[in-house]
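This report concerns only the one structure given below.
The values are calculated or read from the model by the stated rules, or taken from the named source; none is laboratory data. Because the structure is predicted, anything quoted here is derived from the model rather than measured. All Cβ positions, even for glycine, are placed from backbone atoms using ideal geometry, and neighbour counts span all protein chains on display. Ligands, DNA and RNA are stripped out before the accessible areas are found, and what is left, the full protein with its side chains, is counted by its heavy atoms. Shrake-Rupley method; radii C 1.70, N 1.55, O 1.52, S 1.80 Å.
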Amino acid sequence: MAQERPDVQLPVTFFGDESFPVEWESEEEKQLFWWWDDLHCPNPLSPMFFELGGWWATCAYLYRRFGAPFGRDWKAKLINGYLFTAVVPRDPKEAEELAPYYSMVMPVYAEKGLEWWQKRLRPEIERNFEYLDTYPYETATLPELMVLLEDAIDIQERHWRIHWILNLSQFQASLDFQTAVREVIGEVDPTLLERIMVSDSDRNWDAVHGLWELKERVKRNAVLTEAFSKETPAEILAELEKTAEGREFLRWLDEYKREFGHKALYSHEYIYPTWYENPAPIIAAIQGYLQTDYSYPEAIQRLRQDRDAAIQELLSKIPPGDVRGRERVEAALHRVLQMMPLTPDHHFYIDQGTFARMRYVLLAIGRRLVESGLLDQPDDVLFLRYHELRVLAAEPSNLPNAKELVRQRREARERAFAIRPRDWVGTASEWALFQEPYKTLWGYPQRFFDSLKPREVSQRIEGIPASAGVIEGTAFVAKTLEDVDALKGGEILVCRMTNPAWVIAFTKIAGLVTDSGGQLSHPAVVSREFGIPAVVGTGVATQVIKTGQRIRVNGSTGVVEILG
């Protein structure tokens, strides 16, 4: 639950120390509030992704297009290998002057955003994907691939501009709905609105549906069932190759990969292989579905029934006879329900699909450089910087130490994994914590005040309530998505963070606890869609809780108790 604001005198600063040194480029940079973006990039970044892949590259567009008064840019800084971001405030006078414009145009986005997405923006993205997916990578020359990289960079930037249109459109629809409820009904239990604001028809659910259909094929066929009795995905794939039924199943698997396989363990990176490249996570998911006999129809029906019951409960609170109030709430409700699929859909097409295609282009270039003896393996290209890659491709003698450079950077990234990043650096000001809205996705401002307290191992962990309900069960601590393969079903998953690639885990687990995230973060939203009690933003869960311990998760209060 939200806590009262502690009596802390702002601003508070941290400019680095021996345990977490920070290099500052300017005094102006030190005045910003930089927070660790463990929501998107919890691990040390590759140099190429930091230079080309950042969503922050289009943030000036975000603030310019919408005239958002709550910032003028959103910058990134790599500190000890980790991504920190900061919003740059507008001049107060300019912000005041822009506020009416922002208020004027945002209802248009709430009203039209879904139509734009369906008729114009999604088809544009799909055309770009078709271009990249059908490019003749195998026969293209290195110069041709370097030009393709420029096309891919342009496409990536355009897709992230579309991302902001979707993001702000949905944000405004959600805000309008919550405002209508508050002004017509008054304050209501936030969990009631959370149960309403879920999606039951989007690309993530389509991916789950496709997995369930593959599971049903296995379930109905004795030969496939025998193949899936093997212990590991590699053994299952090998067994499937041996039979006609198995080879037919692999053709179905290829169809699934082409549609849903363009995503990786952590979507906001180029360094992680996608499901398209390595289908082991798909096989593991089908294994899990078979073990639990997961039913997609039953899961989607439960979601819809709970959402519909929550809607009826909300509408019953409208004062009798308030016809205009009911019309206002129902209109806002209609808009927000229409917009809910935009979150999982933009993840599918932009966060997952677009970054995956950039990886494929870079790896194609890497293969040419390996053939020329300039790199040792294709993904070495990800440890170069953009300028260095262009130099190496055109005139290798100007970058004679490329292999050594890659080796040093790989080692530096491995060393960075041993570092526990601070939650924030720079200057925590009143504006940054309480007026700039985006960092609530990371659990601020409460996370800032929590960061000022000594972190001690305890049998009681407090975080942010994300999905209502209480569950008691066995903890399963996962550091990577591959760890999730060992889930038997019914455990409480404890992890640092989830992203859309983790959606398969939600069909197995009974509850969720994460180190990171706020009430609108991916684990919070998906937990509510699946009806799983969840606590996010604990900061320490993966350090304190051990696999096999019995824990109680209260998704309504944000408390996790270790019972033994």
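Observations on the structure shown:
- For first residues located in the range 287-301 and on the phi < 0 side of the Ramachandran plot, partners that are open to solvent by 60 Å² or more (accessible area, probe 1.4 Å) and outside any helix (DSSP H, G or I) and lie 6+ apart or on another chain with Cβ distances below 7 Å form the pairs 291/488.
- Subset of the range 502-551 that is over 25 Å from residue 196 (Cα atoms) and not in a loop (DSSP other than H, G, I, E, B) - its residue that is modelled with the lowest pLDDT: 550
- Taking the conditions (1) at pLDDT below 95; (2) within 16 Å of residue 290 (Cβ to Cβ); (3) crowded, with 19+ Cβ neighbours inside 10 Å in turn, residue 264 satisfies each one other than (2).
- Qualifying residue in the range 413-422 (condition: open to solvent by 10 Å² or more (accessible area, probe 1.4 Å) and at pLDDT 95 or above): no
- Verdict on residue 224 being in contact (Cβ under 8 Å) with a residue 40 or more places away in the chain, hydrophobic (A, V, I, L, M, F, W, C) and either closer than 20 Å to residue 292 by Cα or part of a helix (DSSP H, G or I) (or both): no
- Of all the numbered requirements in (1) buried (at least 21 other Cβ atoms within 10 Å of the Cβ); (2) more than 10 Å from residue 466 (Cα to Cα), residue 513 misses one, and that requirement is (2).
- Scanning the range 65-105 for residues that are under 24 Å from the mean Cα position of the chain (by Cα) and open to solvent by 40 Å² or more (accessible area, probe 1.4 Å) gives 65, 72, 75, 78, 80.
- Strands (runs of 3 or more DSSP E) fully within the range 401-473 counting 3 or more residues that are over 29 Å from residue 196 (Cβ atoms) and in contact (Cβ under 8 Å) with a residue 60 or more places away in the chain: 424-428
- Scanning the range 19-41 for residues that are open to solvent by 80 Å² or more (accessible area, probe 1.4 Å) and modelled with pLDDT under 95 turns up just one, 19.
- Residue within the range 287-308 that is under 24 Å from residue 174 (Cβ atoms) and in contact with a strand residue (DSSP E or B) (Cβ under 9 Å, 6 or more places away or on another chain) present: no
- The range 42-64 - residue that is modelled with pLDDT of 90 or more and of a type in the set (S, T, N, Q) and, of those, surrounded by the fewest Cβ atoms within 10 Å (Cβ to Cβ): 58
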